[in-house]
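Colleague: Below is a structure I'd like to ask you about.
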Amino acid sequence: TVSNKMCKPSVYITREINKEALDILNEHCEVTSWTGLDPVPRDELLEKIENKNALFCMLTDVIDSKVLDKAGQNLQIIATMSVGYDHLEIQEIKKRNIKISYTPDILTDATAELAVALLLTTSRRLLEANEAAKKGEWKAWSPFWMCGPGLQNSTVGIVGFGRIGQEIAKRLKAFNPKDIIYYNRSEKVEEAKQMDAKKVSFDQLLTESDFISVSCSLTSETMNLFNAAAFKKMKSTAVFVNTSRGGVVDQDALINALENKTIWGAGLDVMTPEPLPLDNPLLKLKNCVVLPHIGSACIETRQNMAILCAKNIIAALKGEQMPSELII
Ligand code: DGY
C-alpha cells in the first residue's frame, strides 16, 4: 500500500550493484543509487545522503564527519562493501551511534589467490616476458633470459597474519619454501601450525625473507611501515608484494628501492593514490608489477560481498543482529 511504501526505510548506494543484492534491499527499503561508472562525486554524496537511514558504500568513498553531519540523525547503518575500513572515520561514526558492517571472510580466498598470482607474476617476470614475446624480442630460447627467483627453498615472510595472510601462507606452502615466517601483533599458534609458520620480529622478517607479502590492515601503526629503512634491511634479491593498502608503504622510498635495486622487484595491487597517475615512476619500472586493486575481483566474490552488505543493512534496520557487524 501507499502508506506502507512511505514507511519504508531509505538506503543510498554509492555504486551500481548486482540485481540479487538490490532485490534484497528493494523488498524492504526505498533505494537510491549512484549509477555512474566512477565513484560518486563528493558533492553528490553529500546531497543524496541527507536523511537516509542506511548507506551502502565502497572503499572509494570517504565517510567522515561532513558526510555524517549531512546524513543527520536518521542514519543507522553504514555498510561498506570491503573488508578494509580505513576510509571510514570510525570514531566519528561511533560517536553518533551508527552501526558499521563490512565483508570479511567471503573475500579471503579470492584475495589470497590474487596475492599468489601477483607474487609469481612479479618473481617470474610474466608481464615483462609477455611484452618481450609480443615485441619480437624473443629471438631464441636462452639459458638465463627472463629468469627470476623461485619459491622453492626460499623464506617467505607474511606481514599481517590474519585471515588473508594465513590463506596466502597456506597456498605458498605448496611451492615448497624452506620457511614461512610472519609478523603480526599477536601470535597465531594454532593457525600457524598448519603451514609450519613461525612468528618473528619485523626486522627479522625484513632481513631473512626472500619474498615479503603484505596483508595487514592500514592503521596508525602500519602507516608507512615499509619506509626507506625497512627496504634497506631487505635482501637485494627480495620480492615485495602488497595486496593490503598503499598507505602501509612509503611509496617514494619503494620507488627509490626499486630504481636503485635495493630490492629485486615489487608487485602492487594497492598504492597511493588510486588510481595511480600515469606519470608515476612505478608504472615505468620493469621490476614493478602494478594491478588496479583487484584483490577480491572474483565474480562470485564481489556478488556475495554486495549481498552481504544488503543483508547487513536489512538486519540493522530491523534491529536484528547483523551477519557481519564491524566491532572495534
Ligand atoms: C577490501 O575489501 O578491503 C579490498 O581491498 C577490496 O575488496
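Each value in this text was obtained by applying a stated rule to the coordinates, not by laboratory testing. On a predicted model such as this, the values are computed, not experimentally measured, just so you know. Here the Cβ positions follow ideal geometry from the backbone for every residue, glycine too, while neighbour counts run over all protein chains shown.
Colleague: Per-residue HN-Hα couplings for the range 231-243, Karplus 6.51 cos²θ - 1.76 cosθ + 1.60 at θ = phi - 60°, whole Hz, x for Gly and Pro?
Modeller: 5, 5, 6, 6, 5, 6, 9, 6, 10, 10, 10, 10, 10
Colleague: If packing is taken as the average number of other Cβ atoms within 10 Å across a peptide's residues, how do 63-74, 131-142 rank, most packed first?
Modeller: Details: 63-74: 16.1, 131-142: 9.6.
Descending packing order for the listed peptides: 63-74, 131-142.
Colleague: A follow-up question, please. Applying 1/(1 + (r/R0)^6) with R0 = 45 Å to the Cβ-Cβ distance of Lys198 and Lys135, what FRET efficiency is obtained, to the nearest 0.05?
Modeller: Efficiency computed from Cβ-Cβ geometry: 0.55.
Colleague: Please check: in the Gaussian network model of the chain (C-alpha springs, under 10 Å), which one of Ile299, Ile98, Ile49 has the largest mean-square fluctuation.
Modeller: Its mean-square fluctuation being the largest, the pick is Ile299.
Colleague: So how tilted is helix 299-318 from the main axis of the chain? Cα-based, degrees 0 to 90, rounded to 10.
Modeller: 30 degrees
Colleague: Separate question: How long are the semi-axes of the equivalent ellipsoid of the chain, defined as square roots of 5 times the Cα gyration tensor eigenvalues? Whole Å, largest first.
Modeller: Values: eigenvalues 322, 91, 67 Å².
The three semi-axes for the chain are 40, 21, 18 Å.
Colleague: Here's another thing I want to ask about it. What FRET efficiency do you get for Ser220 and Asn97 if R0 is 25 Å and r is their Cβ-Cβ distance, rounded to the nearest 0.05?
Modeller: The pair Ser220/Asn97 has a calculated efficiency of 0.60.
Colleague: Sticking with this one: Non-local amide H neighbours of Arg15 (under 5 Å, H modeled in plane, Pro and chain starts lacking H): which ones?
Modeller: Here Trp34 satisfy the definition.
Colleague: Under 14 Å from a point placed 7 Å out from the Cα of Lys8 along the Cα-to-Cβ direction: which residues of the range 291-328 have their backbone N that close?
Modeller: Taking a point 7 Å out along Cα→Cβ of Lys8, the residues of the range 291-328 whose backbone N falls under 14 Å are 314.
Colleague: Give the separation of the Cα centroids, the range 201-231 to the range 237-273, in Å.
Modeller: Taking the Cα centre of the range 237-273 as reference, the centre of the range 201-231 is 10 Å away.
Colleague: Among 197-207, 212-222, how do they line up from the highest to the lowest mean number of other beta-carbon atoms within 10 Å?
Modeller: Going by the mean number of other Cβ atoms within 10 Å, highest first, we get 212-222, 197-207.
Colleague: Let me ask something additional. When every alpha-carbon pair in the range 227-328 is counted, what percent end up more than 22 Å apart?
Modeller: 46 percent
Colleague: Between Phe240, Phe144, Phe161, find the one with the highest GNM mean-square fluctuation for the chain; connect C-alpha pairs within less than 10 Å.
Modeller: The residue that fluctuates most here is Phe144.
Colleague: So, how do all the Cα-to-Cα distances of the range 36-148 break down into 5 Å bins, in percent, from 0 on up?
Modeller: That works out to 2, 10, 16, 15, 10, 7, 8, 7, 7, 6, 5, 4, 2, 0, in percent per bin.
Colleague: Taking each pair of distinct Cα atoms in the range 108-290 once, what is the resulting Kirkwood hydrodynamic radius in Å?
Modeller: 16.6 Å
Colleague: Given only helices, namely DSSP H runs of n ≥ 4 each adding -39500 (n - 2.57), what is the per-residue ellipticity at 222 nm of the chain, to the nearest 500 deg cm²/dmol?
Modeller: After summing the helix terms and dividing by residue count, I get -10500 deg cm²/dmol.
Colleague: Once phi is turned into θ = phi - 60°, what whole-Hz ³J(HN,Hα) does the Karplus curve with 6.51, -1.76 and 1.60 give for every residue of the range 139-150, x standing for Gly and Pro?
Modeller: 7, 6, 4, 9, x, 10, 6, 6, 7, x, x, x
Colleague: Mind telling me which of Trp145, Trp34, Trp264 comes out most flexible in a GNM of the chain, alpha-carbon contacts under 10 Å?
Modeller: Among Trp145, Trp34, Trp264, the largest GNM mean-square fluctuation belongs to Trp145.
Colleague: So what's the gap between the Cα centers of the range 131-179 and the range 16-50, to the nearest angstrom?
Modeller: With the range 131-179 and the range 16-50 each reduced to a Cα centre, they are spaced 40 Å.
Colleague: Enter the angle in degrees (range 0 to 90, nearest 10) between the Cα long axis of helix 108-123 and the first principal axis of the Cα atoms of the chain, meaning the one along which they spread out most.
Modeller: So the helix axis and the longest Cα principal axis differ by about 30 degrees.
Colleague: How large is the translational diffusion coefficient of the range 142-249 in µm² per second when you combine the Kirkwood radius over alpha carbon pairs with Stokes-Einstein at 37 °C and 0.692 mPa s?
Modeller: Stokes-Einstein gives a translational diffusion coefficient of 233 µm²/s.
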